[in-house]
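Written below as structure tokens is the structure these notes are about.
The values are calculated or read from the model by the stated rules, or taken from the named source; none is laboratory data. None of these values were measured; they are calculated from a predicted model. Because the Cβ atoms are built from the backbone with ideal geometry, glycine has one as well, and the counts that use them run over all protein chains shown. These area figures cover heavy atoms from the full protein model, side chains too; ligands, DNA and RNA do not enter into them. Shrake-Rupley method; radii C 1.70, N 1.55, O 1.52, S 1.80 Å.
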Amino acid sequence: MLNDFLLKKEVITKEQLEEVLSVSNQQHSDPIDVLIGKQYVEPVKLFSLIAEYFGVEYVDLKNIEIPSDVIKLIPKRIAIERKIIPYKKDPFKLKVAMVNPADIQSIEFIKRMTGYNIDANYIPESDFRELLKYYSLDIKEEFNNLLKKNIQESKASGNKDSVPVIKITDMILNEAINEEASDIHMESLEYESIVRFRIDGILHDIEIIPKDIFNSIVARIKILANLKIDEHRLPQDGRFKLTINDRGVSFRTSIIPTFYGEKIVLRVLEESDKKYSLEDLGFAKRDLDKVLENIKKPHGMILVTGPTGSGKSTTLNTVISILNTPDVNINTVEDPIEYAMARVNQTQVNPSIGLTFASTLRSLLRQDPNVILVGEIRDKETADIAINAAMTGHLLLSTLHTNDSVGAIPRLIDMQIEPFLISSTLNLIIAQRLVRVLCQSCKLKTSLSQKQIDVLKDTFKNNVNSMELIDKNEFFKPVGCDKCRNGYRGRIGIYEIIEVTNEIKELINEKAPVTSYIEVAKRNNFRTMQEDGLEKASLGITSIEEILRVTME
């Protein structure tokens, strides 16, 4: 161990080491920073000894200019994840500085990604954070430089078609992955076109593109997605897959005609082996218990509600992964299939040939399923068959577009489903939204102003637990650093869950007003999405502003 190595070298005493580790645990800080802060050892001497422990050299890069073509060999996201910075290269070797040079897995990953042999050396975490400044070149500037360079080259050659559209398209896709975008928007304006990325639920302008180049990019995307290149009047949908930074990524493609030309939206779907748990998605313990209890039931219906982009598919896929055992037959009917799941029989609807949700679901009932997932209940016919499946010994999972959990009940009644059928099959309703997660590296503890407190108290006046959190007045706000975008990184769900108890079944049969369901549910520990969000804000997971933005739209 490094600690034993430092003791053996007699640079610190055992008592000093114990003190450093104690302070580090209390402050959640790096022991090396604490050791330097207490001036027990000279920084350069310490860094040289750590490098010796790893069997490499310590490199001081603070006053060295790293070439832009070198820094671009490792994308910023990967550099941050693996704490690695490239700083010099020759035709066969890439020199990198690492916080942990013993991370052989990362070294091999970078070797495969770049094609260079890797010479790894040591830098401390503090130096690494400072070196991330080399990634500060904005994507807009980088993209603009690429466009200018290639447009100039095409003019010089007199051939407009010499602009490398493939390179420009690949850059857009690569940057979307590096920025962890969920969607790429390419939109036609009157005289130009614009590229936008949706990152953590928010759209950001990325670059303006000349119209002639944009049209070539549209053609390139159509070729990748196996769409008709000469069709400009009708919407087209497709899909293609690429390997980017050693990761398989699928792009679900939608192209529609607009007044000034075609518009493309690409949904970015990473095909990683990572599996989420319900805890990862943000389910609190009390809600988690309700979900796990109900998905274990052999029959009945579970609905997930929320607008487009609220994470419903991810929630259902996570539930399916829990249920996906060798003794269970799972069938799905989806539009579209977003994630391929092993040992799950997935069917893509195709209305143009009569393969609708309803017709496919009817056929699935003859496939001896235990669990059925219907991507969405859109009409009375699909709802009727889904209800019938839930009544006849199947666990059925599906989604509805409603604003809250209780709204699912009147929505089904509006589809002319008899109340007694709803009450006898519906087990659980989950409503959800996605909120941005505060960056854990730079978030700052804050207190709300009296005006903000008054607004919150008016919003949560009927909830004792929420009022206690507001009175405590300990929340967090975004700051912004080199590891995040404007103080946020990633998203998490906020939820409200209604278990269909006997009391609620009676209310459904009586066609009771929505407020009656909520009154009964509150006696069973029901919380609204706002209340769940407020609790996450008090824990420093997200901010009050984010909760209000998402739940009061």
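For this structure, a couple of remarks:
- Residues that are part of a loop (DSSP other than H, G, I, E, B) and buried (at least 18 other Cβ atoms within 10 Å of the Cβ) within the stretch 42-59 comprise just one, VAL59.
- Identity of the residue in the stretch 115-130, within 13 Å of LYS62 (Cβ to Cβ) and in contact (Cβ under 8 Å) with a residue 60 or more places away in the chain, that ends up nearest to the chain's Cα centre (by Cα): ARG129
Residue-wise test of (1) over 23 Å from ASP119 (Cβ atoms); (2) open to solvent by 90 Å² or more (accessible area, probe 1.4 Å); (3) in a loop (DSSP other than H, G, I, E, B); (4) not hydrophobic (A, V, I, L, M, F, W, C).
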residue: ILE12; (1), (2), (3), (4): yes, no, yes, no
residue: ILE36; (1), (2), (3), (4): yes, no, no, no
residue: TYR40; (1), (2), (3), (4): yes, no, yes, yes
residue: LEU61; (1), (2), (3), (4): no, no, yes, no
residue: ILE66; (1), (2), (3), (4): no, no, yes, no
residue: ASP69; (1), (2), (3), (4): no, no, no, yes
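- Leading residue by the ranking (nearest to ALA97 (Cα to Cα)) among those in the stretch 32-59 that are small (Gly, Ala, Ser) and at pLDDT 85 or above: ALA51
- Positions within the stretch 90-105 being within 23 Å of PHE47 (Cα to Cα), in contact (Cβ under 8 Å) with a residue 24 or more places away in the chain and either touching a strand residue (DSSP E or B) at 6+ places or on another chain (Cβ under 6 Å) or among the β-branched types (Val, Ile, Thr) (or both), in sequence order: LEU94, LYS95, VAL96, ALA97, MET98, VAL99, PRO101
- Selected residue (only one of LEU428, LEU434 is within 23 Å of ARG523 (Cβ to Cβ), in a strand (DSSP E or B) and either in contact (Cβ under 8 Å) with a residue 12 or more places away in the chain or within 28 Å of the chain's Cα centre (by Cα) (or both)): LEU428
- When each of ILE78, ILE85 is tested for being in contact with a strand residue (DSSP E or B) (Cβ under 6 Å, 6 or more places away or on another chain) and β-branched (Val, Ile, Thr), the lone residue that passes is ILE85.
- Count of the stretch 437-454 residues which are assigned to a helix (DSSP H, G or I) and either touching a strand residue (DSSP E or B) at 6+ places or on another chain (Cβ under 9 Å) or touching a residue at least 12 places away in the same chain (Cβ under 8 Å) (or both): 2
- Number of positions in the stretch 456-470 that are part of a loop (DSSP other than H, G, I, E, B) and exposed (fewer than 13 other Cβ atoms within 10 Å of the Cβ): 2
- Of residues in the stretch 14-31 being open to solvent by 70 Å² or more (accessible area, probe 1.4 Å) and at pLDDT below 75, the one nearest to PRO124 (Cα to Cα): HIS28
- Residues in the stretch 471-480 that are part of a loop (DSSP other than H, G, I, E, B) and open to solvent by less than 50 Å² (accessible area, probe 1.4 Å): ASN473, PRO478, GLY480.
- Looking only at the stretch 486-508, and only at residues there that are polar (S, T, N, Q) and open to solvent by 80 Å² or more (accessible area, probe 1.4 Å), the one that is nearest to GLY309 (Cα to Cα): ASN486
- So LYS133, is it among the charged types (D, E, K, R), open to solvent by 20 Å² or more (accessible area, probe 1.4 Å) and in a loop (DSSP other than H, G, I, E, B): no
- Restricting attention to the stretch 509-533 and to residues that are β-branched (Val, Ile, Thr), surrounded by fewer than 21 Cβ atoms within 10 Å (Cβ to Cβ) and touching a residue at least 24 places away in the same chain (Cβ under 8 Å), the residue that is farthest from GLN432 (Cα to Cα) turns out to be VAL514.
- Among the residues of the stretch 362-375, those identified as under 18 Å from VAL328 (Cα atoms) and surrounded by 20 or more Cβ atoms within 10 Å (Cβ to Cβ) are LEU364, PRO369, VAL371, ILE372, LEU373, VAL374.
- Matching residues in the stretch 282-297 - criterion: being surrounded by 18 or more Cβ atoms within 10 Å (Cβ to Cβ), of a type outside the set (Asp, Glu) and outside any loop (DSSP other than H, G, I, E, B): LYS290, VAL291, ASN294, ILE295
- Checklist (1) closer than 24 Å to VAL291 by Cβ; (2) open to solvent by 40 Å² or more (accessible area, probe 1.4 Å) applied to SER449, failing item: (1)
- 3 or more residues over 20 Å from ILE166 (Cβ atoms): qualifying strands (runs of 3 or more DSSP E) within the stretch 193-278: 202-210, 247-258, 261-270
- Residue within the stretch 323-333 that is surrounded by fewer than 19 Cβ atoms within 10 Å (Cβ to Cβ), within 26 Å of the chain's Cα centre (by Cα) and among the acidic types (Asp, Glu) present: no
- ILE337 among the aliphatic types (A, V, I, L, M), open to solvent by less than 60 Å² (accessible area, probe 1.4 Å) and in contact (Cβ under 8 Å) with a residue 40 or more places away in the chain: no
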